[in-house]
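Report on the structure given below.
Coordinate-derived values only; no laboratory data. Fair warning: this is a prediction, and the values are worked out from it, not measured in the lab. Note that each Cβ is placed from the backbone with ideal geometry, even for glycine, and that neighbours are counted across all protein chains shown.
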Amino acid sequence: MTDAVRLGKAAEFRPARAALFGCLTILATLFLAPTFGVVLSAFKTNREISLGEFWSIPATLYLGNFGEVIGNPAVGVYLLNTLLVAVPAAAASITLGVLAGWVFAKLRFRGSELLFLGVVSGMFFPPQIVLIPLFRLFGSLRLLDTLWALIITHTAMGIPICTLLMRNFFATVPNALRECALVDGVSEWQTLTRIALPISLPAIAVLATLQFTWIWNDFLWPLIFTQSDDKRTIMVGIVFLRGQYSVAWGLQGALSLIASLPTLIVFLFFQRYFISGMTMGAVKG
Amino acid sequence: MSVVELRDVRKAFGPVEVVKGVDLEIASGEFVVFVGPSGCGKSTLLRIVSGLEEITAGRITIDGRDVTDLPPGDRQVAMVFQSYALYPHMTAHENMAFALRMGGMPRGEVERRVAEAARILQIETLLERKPKQLSGGQRQRVAIGRAIVRKPKVFLFDEPLSNLDAALRAQMRVEIARLHAEIGATMIYVTHDQVEAMTLADRIVVLNHGRVEQIGSPLELYETPANRFVAGFLGQPKMNFVEVGRALDGSHAVSTPGGREIDLPQAQFDGSVDTLVLGFRPDSASIVEPAHGHLVGRVAVIEHLGSESLVYVAIDGAKDLLVVVAPGKSPLARGDEVGVRLSASGCHLFEASGKTIPKGSPEWRSVT
């Protein structure tokens, strides 16, 4: 097929393509509308919102909501709690995923495929299934209403996806690299930490972003496992940030925007590692 | 003294035995090449020596020490991989120093060794580059350097040149030969390229289907192959094979597919040998008038290489085309009827099973 023919085809109207494009546009709009609504309400006064002007452009750029949220000492506690859960839980699940992924990719043993499937199948259980058993378990361990319950749960829930991603990434690391290190007398641990991990930074960056965002944005576990105000995480905090008789749309909008900043920062930080081709030059090519 | 000894080494992957009992002794400073077609077990055998593959049966000793059950890192061997296997995030210098540093060697000694290896391999100016900034040949040198710095008892090369283009391969071949001469280390080299095997080896080990077919110096194997497989594997272009029959009058002659006879003086066949395969190398035969040839056929293809031409002749009654080396300015054309004349001294005889009928044997005494 010549280029001219191919170009001619591309310029044709294709109904299936147009329909797909239309569907995606509608989905994107539905998906973005709430975010847009939150941004709008964050810059409005309560009076404006009460008048039913929810979707209108703010009359003035009102920053009072942000001032009030930042001035609220509870918000600082929420943010700190979330950080104290998200960072260790993300780090622990990624560490365990790296170790398990290396074993499943490079140190296969009899039954390792089956075990791998067992670990990964953990992803397919909805959290609601384990909610009550976990609640009772943490209750008997006296860990309810502590951040430990959240850290442990998020670490465990993160292991399947971390193992799956790291195993699949390590599978692309040439075996010859490990074998060369082994022949040279380098230990398995050194091979993993000094060779495999540095060339796996893109995968780890993706995982870190995913895990951090997922844990940061989680609502279910902190809602169930914590009760006191000083143990709440930010997502639960947003909900409880309301007047006694009214919903504080403006305040919640502002806090939602502030709460999404850390995940944005994490993404921007790891974005530079989101590059492929780190293994280029290792083997022929 | 032998540095590497293999005793009845066997390796099976599940029910499939890929190395079927190999015995081998390699002397100190020797350059041994494992050669054979794909899947013959040569790479597996090398990996067995390195320790990357465990064996199913047998013993391996390196420098007098039984290493059969030792992990690769304790065997004092260094390996150069086909894919180079350079650590992509490290510079050439770091690649070479890595294993030494991990082993706790003092920094000064590491630097001294890296500098020495870089000098030997002439890569001093490339040390700060990462693998992706190096060409194929340069990467291979760094990979060899990484082996040199460890001062191993044995160097193992797993098809190290097969990813390079033809010109670079020829150059690196010379450099590896030079390296062996300079450091005098024991080297085991795996290749499927018989030119590399012939040019580099002190001794060649020809493998086929997991078995050693023959071990010997390149010329020994070239001139007195133990069987048809070795005869056909070594030499470029390959040896020609023609099925021949014994002359009916019981003389020393064999009859060719065209019905002509080649007299092999003093050849004596015992009664059990019936079907024979005659082998001759392309450069030991010549193109003659049809009337004077031992074999007669038509020219199928001519390859002009400049200094010489390869003439492919289709013989009636023979499956494969025969190759004969002719002078560079050969006037022959496709379709010409030609004769192929053999010299008795250039002929090899094989039994139907492939086994060579030795020239000095009762079956064939001194054909000269």
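According to the Cα gyration tensor, what semi-axes, each the square root of 5 times an eigenvalue, does the equivalent ellipsoid of region A:66-271 have, listed from largest to smallest in whole Å?
38, 20, 13
Going highest first, how would you order B:339-345, B:162-168 by mean Cβ packing within 10 Å? Walk me through the numbers on the way to the answer.
On the way: B:339-345: 17.6, B:162-168: 13.4.
Ranking, from highest mean packing down: B:339-345, B:162-168.
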- Rounded to the nearest 500 deg cm²/dmol, what is the calculated helix-only ellipticity per residue at 222 nm for the protein assembly as shown, with -39500 (n - 2.57) per DSSP H run of length n ≥ 4? -13500 deg cm²/dmol
- Task: Compute the long axis of helix B:136-148 from its Cα atoms, compare it with the longest principal axis of the Cα atoms of chain B, and write down the angle in degrees, 0 to 90, nearest 10.
- Result: 60 degrees
- Item | For A:185-197, mean number of other protein chain Cβ atoms within 10 Å | 4
- Message: I need to check one value: relative contact order of chain A, counting alpha carbon pairs closer than 8 Å and at least 6 residues apart, in percent.
- Response: 28 percent
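From the P(r) of region A:3-62, could you give the percentage of C-alpha pairs in the tail past 12 Å? Walk me through the numbers on the way to the answer.
Numbers: 1306 of 1770 pairs.
When every Cα pair of region A:3-62 is considered, 74 percent fall beyond 12 Å.
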- For the protein assembly as shown, which semi-axes, largest first and in whole Å, follow from the square roots of 5 times the eigenvalues of its Cα gyration tensor? 73, 31, 23
- Quarter of the Cα convex hull surface for region A:31-186, i.e. its orientation-mean projected area (nm²): 15.7 nm²
- Item | With Cα atoms, 0 to 90° folded angle of helix B:166-183 axis to chain B main axis | 60 degrees
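Just checking the output field for A:169-180: average partner chain Cβ neighbours within 10 Å of each residue's Cβ? Show your work: numbers first, answer last.
Working: counts 0, 0, 0, 0, 1, 5, 4, 10, 7, 2, 9, 18.
So the per-residue partner count for this stretch is 5.
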- Within a 10 angstrom radius of each residue's Cβ in B:141-147, how many Cβ atoms of other chains show up on average? Whole number is fine. 1
- Message: Compute the orientation-averaged projected area for chain B from the convex hull of its Cα atoms and round it to one decimal in nm².
- Response: 22.1 nm²
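Pairs of alpha-carbon atoms within less than 8 angstrom and 6+ residues apart define the contacts here; what relative contact order does region A:37-171 have, in percent? Please list the in-between numbers first.
Working: 113 pairs, mean separation 44.8, N = 135.
Reported relative contact order: 33 percent.
Which whole-number percent is the relative contact order of region A:166-257 (Cα, under 8 Å, 6+ apart)?
Working: 34 pairs, mean separation 16.3, N = 92.
Dividing the mean separation by the residue count of region A:166-257 yields 18 percent.
Counting only DSSP beta bridges with both residues in chain B, what percent are antiparallel, rounded to the nearest 5?
Working: 61 of 79 bridges.
Bridges in chain B are about 75 percent antiparallel.
Within 10 Å, count the other beta carbons around each residue, average over each peptide in A:59-67, B:129-137, A:212-220, and list them highest first. Provide the component values of the computation, followed by the final result.
Values: A:59-67: 13.7, B:129-137: 16.9, A:212-220: 19.2.
The densest-packed peptide leads the list: A:212-220, B:129-137, A:59-67.
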- Item | Sequence-distant residues sharing a close amide H with B:E213 (under 5 Å, placed H) | B:V206, B:L207, B:N208
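Tell me, A:F270, B:F157 in order of fewest to most beta-carbon neighbours within 10 Å?
Values: A:F270 19, B:F157 26.
Starting with the residue having the fewest Cβ neighbours, the order is A:F270, B:F157.
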- Query: Expressed as an acute angle from 0 to 90° and rounded to the nearest 10, what is the orientation of the C-alpha long axis of helix B:92-102 relative to the principal long axis of chain B?
  - Reply: 70 degrees
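List every DSSP H helix in chain A whose Cα atoms extend 18 Å or more along the helix's own long axis and whose mean Kyte-Doolittle hydropathy is at least 0.5. Spell out each step's value before the answer.
On the way: long enough: A:15-42 (40 Å, 1.64); A:73-106 (49 Å, 1.57); A:127-140 (19 Å, 1.27); A:147-172 (37 Å, 1.29); A:201-217 (23 Å, 1.24); A:249-271 (32 Å, 1.54).
Those that clear 18 Å and a mean of 0.5 are A:15-42, A:73-106, A:127-140, A:147-172, A:201-217, A:249-271.
Based on other C-beta atoms within 10 Å, arrange B:V110, B:V195, B:V244 from fewest to most. Spell out each step's value before the answer.
On the way: B:V110 19, B:V195 14, B:V244 22.
Starting with the residue having the fewest Cβ neighbours, the order is B:V195, B:V110, B:V244.
If you take the C-alpha gyration tensor of region B:1-108, multiply each eigenvalue by 5 and take the square root, what semi-axes do you get, largest first, in whole Å? If you can, show how the numbers build up before the last one.
Working: eigenvalues 153, 61, 37 Å².
Semi-axes from the Cα gyration tensor: 28, 17, 14 Å.
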- Message: Give me the extension gain from A:S50 to A:T29: residue separation times 0.36 nm, minus the current Cα-Cα distance, reported in nm with one decimal.
- Response: 5.1 nm
- Message: Rounded to two decimals, what is the ratio between the C-alpha radius of gyration of region A:157-200 and 2.2 N^0.38 Å?
- Response: 1.25
- Whole-Hz ³J(HN,Hα) from phi, Karplus 6.51 cos²θ - 1.76 cosθ + 1.60, for region B:38-53, glycine and proline x: 4, x, 7, x, 5, 5, 4, 4, 5, 5, 5, 4, 6, x, 6, 10
- Query: Measuring from label point to label point, each 7 Å out along Cα→Cβ, what is the A:E12 to B:Q133 span in nm?
  - Reply: 5.0 nm
